[in-house]
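The values are calculated or read from the model by the stated rules, or taken from the named source; none is laboratory data. Treat the numbers as computed from the prediction; the structure is a model and nothing was measured. Backbone-built Cβ (ideal geometry, glycine too); neighbour counts: all protein chains shown. Please note that ligands, DNA and RNA were not included when accessible areas were found on the heavy atoms of the full protein model with its side chains. Shrake-Rupley method; radii C 1.70, N 1.55, O 1.52, S 1.80 Å.
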Amino acid sequence: MKQPIFTGSGVAIVTPFNNETVDLPALGRLIDFQLENGTDAIVVCGTTGEATTMTYRERIRAIEFCAEHVAGRVPVIAGSGSNSTEVAVALSRDAERAGADGLLLVTPYYNKATQAGLIRHYQVIADAVTKPCILYNVPSRTGVNIAPETYAELAKHPNINGVKEASGNLGGIQKTRNLCPEDFSIWSGNDDETATVCLLGGVGVISVVANVLPAEMHALAKLCLEGDFASAGTLQLYLKNFCDAMFCEVNPIPVKTALNLLGWEAGALRLPLCEPSPENRERIRQTLVKYGLMKA
């Protein structure tokens, strides 16, 4: 029986940039902040990490640095997906060699693969690696949704560990849970759906909000895994306004702005992402004040 590569709260960590490349010392400080506050896994080079605007060498170096810095304390999961199966295979193999404990594989974007194409895409990648693979379903970004029946077929592969579900389709998640074996893990890909997804059999969250509130997201996931959904629901509702503020513009614009406001030196966003509007920057600042993270 497959075991989930992690349970609880995994942070989809931002990538700090300096004027030239990835700011590795700043990344190390962010990782330390996560580990000191209970985060259960580090997910590097995902959407929040702006992987699509990183060079191949930058991605592999960031994964390698993360694995070295974490040093086995929690799993390191590397975003190694692509809309080219061949590129995804190469990235995934190199991520393994760089020390990743698992791989996060977004659905092929722009191509708009059929469900049959998705099955073949993921099977080819999973066949090429030895580490557990987490599928990543985010149709709002990729233009394609993984059907529950497709999950059921992919769940048969020994290297496919589960899915980060960011579709927002709770009915589809229920159908997936009913169609797939128990050892096919589901992680919430939306912070504000963490408790709901866990109630439906999920094992945690891959979180954007944890970049700023790692202890709170860890606590939320822990309550869910302990079956205390009354307390988890209360905490989820408390965090709702914060979650909304972190998505007032496209991710990771708000969360990187928040980290910079808090002095974490997360660096600039890479084009085509840019700074938030003045109104949203103020909303982010006011949210940080409201949650006691900075002074008014």
Looking at the chain, which Cys residues are left with no other cysteine's beta carbon under 4.7 Å from theirs? 45, 66, 133, 180, 243, 248, 274
Over the chain, with every protein chain in place, what whole percent of the accessible area is carbon and sulfur at 1.4 Å, could you tell me? 53 percent
Using a Gaussian network model of the chain with C-alpha springs under 10 Å, which one of 270, 29, 57 is most mobile by mean-square fluctuation? 57
Using just the helices of the chain, give the 222 nm mean residue ellipticity in deg cm²/dmol: DSSP H runs with n ≥ 4 each add -39,500 (n - 2.57), and the total is spread over all residues, rounded to 500. -13500 deg cm²/dmol
Amide H contacts under 5 Å for residue 204, restricted to residues at least 5 apart in sequence or on another chain and with H modeled in the peptide plane, are 8, 188
Linear extension gain, residue 229 paired with residue 199, 0.36 nm per residue minus alpha-carbon span: 10.1 nm
Under a Gaussian network model of the chain whose springs join Cα atoms within less than 10 Å, the largest fluctuation of 136, 238, 109 belongs to 238
Two pseudo-spin positions, 7 Å from Cα along C-beta at residue 20 and at residue 279, lie apart in nanometres by 4.1 nm
Averaging over all projection directions, find the projected area of the Cα convex hull of the range 162-295 and quote it in nm² with one decimal place. 8.8 nm²
Contour minus end-to-end for residue 174 and residue 293, with contour as 0.36 nm per residue of separation and end-to-end as the Cα-Cα distance? 39.2 nm
Using θ = phi - 60° and the Karplus form 6.51 cos²θ - 1.76 cosθ + 1.60, what ³J(HN,Hα) does each residue of the range 284-296 get, whole Hz, x for Gly and Pro? 5, 4, 5, 5, 4, 5, 4, 8, x, 8, 8, 7, 5
Vicinal HN-Hα couplings computed from phi for the range 220-236 (Karplus, 6.51 cos²θ - 1.76 cosθ + 1.60; Hz; Gly/Pro x): 4, 5, 4, 4, 4, 5, 7, x, 8, 6, 5, 5, 4, x, 4, 5, 4
To the nearest Å², the heavy-atom accessible area per residue of the range 121-228 with 1.4 Å probe amounts to 34 Å²
When a/c reaches 1.5 or more, the comparison of a/b and b/c decides; with that in mind, is the chain rounded, prolate or oblate per its Cα gyration tensor? oblate
For the range 239-248, Karplus-derived ³J(HN,Hα) couplings (6.51, -1.76, 1.60; θ = phi - 60°; whole Hz; x for glycine and proline) come out as 7, 4, 5, 5, 4, 4, 5, 6, 10, 6
What is the diffusion coefficient of the range 222-296 in µm²/s, taking the Kirkwood radius over Cα pairs and the Stokes-Einstein relation at 20 °C with a viscosity of 1.002 mPa s? 158 µm²/s
Charge context of residue 235, other residues only, Cβ under 13 angstrom, K/R +1, D/E -1: -3
Which of 187, 257, 137 sits farthest toward the positive end of the charge dipole of the chain, with +1 on the Cβ of Lys and Arg and -1 on the Cβ of Asp and Glu? 137
Probe 1.4 Å, all protein chains in place: accessible area of residue 24 in Å², nearest 10? 40 Å²
